[in-house]
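Nothing in this text is a laboratory measurement; each read-out follows from the coordinates by a stated rule. This is a predicted model, so every value here is computed, not measured.
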């Protein structure tokens, strides 16, 4: 069982997500999953949930996806027309 990836601070997945968001600031979940193919969707959602509770990221529902936003870059008001990066 891959339980070690689901514990706080254990896996490198948290750090890899944050590194991607430092470069892109906003990503769709599907783009994030494509960028980190070594991880299951479940392990990515667990990591995103953990990062959300730590207030590092925000998850916002989209019609057929989620937008993942890095919270630490928000020193200014968000631009309403700004779209999440889709790396596909």
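Any idea what the relative contact order of segment 3-72 is, in percent, if you count C-alpha pairs under 8 Å spaced at least 6 apart? Could the numbers behind the result be given before it?
Working: 71 pairs, mean separation 24.1, N = 70.
Here the relative contact order equals 34 percent.
Could you tell me, in Å, what Rg and Dmax come out for the Cα atoms of segment 3-72?
Cα only, segment 3-72: 10.9, 32 Å (Rg, Dmax).
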